[in-house]
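Take a look at this one; I'll ask things after.
The values are calculated or read from the model by the stated rules, or taken from the named source; none is laboratory data. Since the structure is predicted, the reported quantities are computational estimates derived from the model, not experimental observations. All Cβ positions, even for glycine, are placed from backbone atoms using ideal geometry, and neighbour counts span all protein chains on display. Remember, those area values only see protein heavy atoms, side chains included, never the ligands or the DNA or RNA. Shrake-Rupley method; radii C 1.70, N 1.55, O 1.52, S 1.80 Å.
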Amino acid sequence: MNIEIYNTKTGRKSPLVTLEEGKIKLYVCGITAYDYCHIGHARSALVFDLIVRYLRFRGYTVTFVRNFTDIDDKIIKRAQEQNTTCEELSQRFITMFHEDMASLGILPPSIEPKATEHLPEIIGLIEELIRKGLAYQVDADVYYRVTGFANYGALSGRNLEEMQAGARIAVNEKKEHPMDFALWKGSKPGEPTWESPWGPGRPGWHIECSAMSRKYLGNSFDIHGGGKDLIFPHHENEIAQSEGATGDEFVKYWVHHGFVTIKDEKMSKSLGNFLTIREVIAQFAPEALRLFIFSTHYRNPLDYSETALLDAVAGLNRLYTCLAEIEQLPATGNDQAASAISKADREKIETLGERFLKAMDNDFNSAQALGHLFEGVKILNKIRQHLPGKPARLDLQLLKQGAKTIREMAEALGLLSQEPTLYLQKEQEKILKTLSVTPEEIEKFITARTMAREEKNWALADEIRDQLLNQGIDLKDGPTGTTWQVKLP
RNA sequence: GGCGGCGUAGCCAAGUGGUAAGGCAGUGGUCUGCAAAACCAUUAUUCAGCGGUUCAAAUCCGCUCGCCGCCUCCA
């Protein structure tokens, strides 16, 4: 089995062949630190968390670099508005970002470089480009000369003529070509400044990623990722800078994920339709958000809604409930009894792992992979439900093995890592806290109801039950008495 | 205007040439005094529409309609 990856550059899926046997070098464009992260950022982080976890699960050694843009126009503007420094502002939101990532269960990258800590590398790279005739200075600015790089537009499938025809950008008279972009910007008064051969200034946006990826991963590396909106101009410009300077192929596989939408529109600040990670996880468990995001293939758009998250919570409960039920099965079974499991079901469980891997190997198709897991749950539940009083040893073995496989596979996605019974208990407690009844009160109601039931006063018994149900408590009459549980969503 | 993507059941979503995974909701059932919970079963002769290629198409090709994104900062 081999992993296939969709490459934006070729527009096709192709087998993953790494530059170095068994090793993957991965660079992902991180955030510009000037505001709270929204669920679009969460998707980005989760998608690459999935890719890193899965590649490691498949045996690769992954070096994962994700940068912070901590100097840029937006940061300068926001810092001025808040009457603070760029440094303080960006550091504050980097801290917030780390908090968000921790609560989402995102594995930390191997390296998290910041633009402002790599000025020597950035300046060096710009000098290299000037030397090669791929950049030129105008006043205090330095621009990249796009006409000097033959492949400009190859990643995004455009050419310079087309881009000019539909250009919505105001032409900057200082530039040789309208598509030339800034590598270095001379600073205006009051802005953060670094010394450079072109006078005091600061780096343009794209150059930092070229400089930092080269420093930590080399001239060529395996995978570069980000949101689809970064294809142009950001990643196009990175290629021009890096390949222009080194002459080597910059990146082998370009991986871009789709957007999170709300009511089918891209989340954006201007539309005001974005939700922060904090807002969402205040309402829903991070693991449910993870399941929700992985339930669609990473390249497709994903529409956020409360209903969709509620569905994910229900799905998570289903998975954990199945695992918890199987845990409670007896450890030993009847050696004499014949298996009560059909051949088809046995096969489905036995091939679950390989079917899961096949789906994930196919461009990280987590939606399909999760489908297999849910199918496994369905079969496991069916088998367990039909288990005789003294189940066959073989059948118990299959159930336990199936549950183990489901957990192992799910953990490769960062899911189902909690103890199933503990998870369910915690969910109960969490909801119980929001209800208006206490466990003591519930017990009192149950005692009263049991008396009513003994007197066959069904009307009163049902009234008590309905009352509790209204408050979010389900009663369950069993052979050994009445138990209760919080109604899960 | 240029480039790209999408349209599969009430909703969400896989499936990219061999006869429609999975989840949520609904319905029926097991259980129960009746319920609830849990579990099981079931739910698309059909994949936006119309043509074409093929023994065979949701999958390939063409056209039409609808939605979205990029081309400016953006995950």
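For residue A:413, which of the numbered conditions (1) at pLDDT 90 or above; (2) farther than 19 Å from residue A:313 by Cα fails to hold?
(2)
Next up: Determine, yes or no, whether residue A:95 is touching a helix residue (DSSP H, G or I) at 6+ places or on another chain (Cβ under 8 Å), surrounded by fewer than 19 Cβ atoms within 10 Å (Cβ to Cβ) and on the phi < 0 side of the Ramachandran plot.
Details: touching a helix residue (DSSP H, G or I) at 6+ places or on another chain (Cβ under 8 Å): no; surrounded by fewer than 19 Cβ atoms within 10 Å (Cβ to Cβ): yes; on the phi < 0 side of the Ramachandran plot: yes.
In short, no.
Looking at A:34, A:54, which is the one that is assigned by TED's automatic domain parsing to the domain that holds residue A:117 and in contact (Cβ under 8 Å) with a residue 60 or more places away in the chain?
On the way: A:34 fails: in contact (Cβ under 8 Å) with a residue 60 or more places away in the chain.
Result of the check over A:34, A:54: A:54.
Oh, and also: Quick one: how many residues across segment A:125-153 are under 14 Å from residue A:204 (Cα atoms) and small (Gly, Ala, Ser)?
Residues flagged as under 14 Å from residue A:204 (Cα atoms) and small (Gly, Ala, Ser) within segment A:125-153 amount to 2.
Residue A:9 versus (1) within 26 Å of residue A:157 (Cα to Cα); (2) surrounded by fewer than 22 Cβ atoms within 10 Å (Cβ to Cβ); (3) out of contact with any Leu (no Cβ under 8 Å at 6 or more places or on another chain); (4) touching a residue at least 40 places away in the same chain (Cβ under 8 Å): which is the lone unmet condition?
Residue A:9 satisfies all of (1) within 26 Å of residue A:157 (Cα to Cα); (2) surrounded by fewer than 22 Cβ atoms within 10 Å (Cβ to Cβ); (3) out of contact with any Leu (no Cβ under 8 Å at 6 or more places or on another chain); (4) touching a residue at least 40 places away in the same chain (Cβ under 8 Å) except (3).
Sticking with this structure for a sec: Can you pull out the residues in segment A:295-336 that are open to solvent by less than 80 Å² (accessible area, probe 1.4 Å), away from RNA strand B (no atom under 11 Å from the Cβ) and either among the small types (Gly, Ala, Ser) or more than 19 Å from residue A:405 (Cα to Cα) (or both)?
Result: A:333, A:334.
What residue, of A:119, A:55, A:107, is surrounded by 18 or more Cβ atoms within 10 Å (Cβ to Cβ) and either in contact with a strand residue (DSSP E or B) (Cβ under 6 Å, 6 or more places away or on another chain) or under 19 Å from residue A:28 (Cα atoms) (or both)?
On the way: A:119 fails: surrounded by 18 or more Cβ atoms within 10 Å (Cβ to Cβ); A:107 fails: surrounded by 18 or more Cβ atoms within 10 Å (Cβ to Cβ).
Result: A:55 is the single residue among A:119, A:55, A:107 that is surrounded by 18 or more Cβ atoms within 10 Å (Cβ to Cβ) and either in contact with a strand residue (DSSP E or B) (Cβ under 6 Å, 6 or more places away or on another chain) or under 19 Å from residue A:28 (Cα atoms) (or both).
Restricting attention to segment A:250-272, which residues are in a strand (DSSP E or B) and near RNA strand B (Cβ under 7 Å from one of its atoms)?
First pass over segment A:250-272, keeping only residues in a strand (DSSP E or B): A:251-257, A:260-262, A:265-266.
Within segment A:250-272, A:257, A:260, A:261, A:265, A:266 qualify.
So how many residues does segment A:375-424 have that are over 23 Å from residue A:57 (Cα atoms), open to solvent by 70 Å² or more (accessible area, probe 1.4 Å) and either in a helix (DSSP H, G or I) or not assigned by TED's automatic domain parsing to the domain that holds residue A:293 (or both)?
First, the residues of segment A:375-424 that are over 23 Å from residue A:57 (Cα atoms): A:378-399, A:421-424.
Checking which are open to solvent by 70 Å² or more (accessible area, probe 1.4 Å) leaves us with A:378, A:382, A:385-386, A:389-390, A:393-394, A:397, A:422.
Filter once more, keeping what is either in a helix (DSSP H, G or I) or not assigned by TED's automatic domain parsing to the domain that holds residue A:293 (or both): A:378, A:382, A:385, A:393-394, A:397, A:422.
Adding up the residues that qualify gives 7.
Go through segment A:340-371 and count every residue that is in a helix (DSSP H, G or I) and more than 7 Å from RNA strand B (Cβ to nearest atom). Explain how you work it out, then say what you get.
Going residue by residue through segment A:340-371, those that are in a helix (DSSP H, G or I) are A:343-350, A:352-361, A:366-371.
Remaining after also requiring more than 7 Å from RNA strand B (Cβ to nearest atom): A:343-350, A:352-358, A:360-361, A:366, A:369.
Final tally of qualifying residues: 19.
Limited to segment A:425-472, what total is found for residues that are near RNA strand B (Cβ under 10 Å from one of its atoms), among the basic types (Lys, Arg) and either within 23 Å of residue A:324 (Cβ to Cβ) or open to solvent by 50 Å² or more (accessible area, probe 1.4 Å) (or both)?
Count: 3.
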